[in-house]
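A short write-up of the structure that comes next.
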Amino acid sequence: QVQLVESGGGLVQAGDSLRLSCAASGRTFSSYHMGWFRQAPGKEREFVAAINWSGRVTMYANSVKGRFTISRDNAKSTVYLQMNTLQPEDTAVYYCAARSGAISELLQNYPYWGQGTQVTVSS
């Protein structure tokens, strides 16, 4: 199993940037593909970005493509989400998740989840 802890959320203004981190512990981090998801109030949890075990393959939701960048440092057992040009519609709780098998954008494919970190973007 793997345990995940997100950090880096906060309150920012539209146009600002934030970098989220997700630190993993437990089984070998490099054996997992990682994903970032978010859930806004009253909405379902949705896919944001994913990265394969090596970092060579990434996937993004259309809504964040070109603004957000997912990356990982296997030596530090950490995955990052760099968020630029944030907009009020990016306000949500952001979760990281881990899975083995294949990189995926489907949240039901991820068995391991962190507790989430709040990102609030004011206009």
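The values are calculated or read from the model by the stated rules, or taken from the named source; none is laboratory data. This structure is a prediction, so every number in the text was calculated from the model and none was measured. Cβ coordinates were reconstructed from backbone atoms using ideal geometry, including for glycine residues, and neighbour counts include every protein chain displayed. Quick note on the areas: whole protein, heavy atoms, side chains included, nothing else; ligands and nucleic acids left out. Shrake-Rupley method; radii C 1.70, N 1.55, O 1.52, S 1.80 Å.
Among the residues of region 56-63, none qualifies, meaning not one is farther than 13 Å from V119 by Cβ, in contact (Cβ under 8 Å) with a residue 60 or more places away in the chain and under 15 Å from the mean Cα position of the chain (by Cα). Scanning region 1-23 for residues that are more than 21 Å from A92 (Cβ to Cβ) and open to solvent by 20 Å² or more (accessible area, probe 1.4 Å) yields Q1, Q3.
Put simply, of W53, W36 the only residue that is open to solvent by 50 Å² or more (accessible area, probe 1.4 Å), among the aromatic types (F, W, Y) and touching a strand residue (DSSP E or B) at 6+ places or on another chain (Cβ under 7 Å) is W53. Among residues of region 82-105 that are among the aromatic types (F, W, Y) and at pLDDT below 95, none has a beta-carbon under 9 Å from a residue that is surrounded by fewer than 17 Cβ atoms within 10 Å (Cβ to Cβ) and part of a loop (DSSP other than H, G, I, E, B) at least six positions away or on a different chain.
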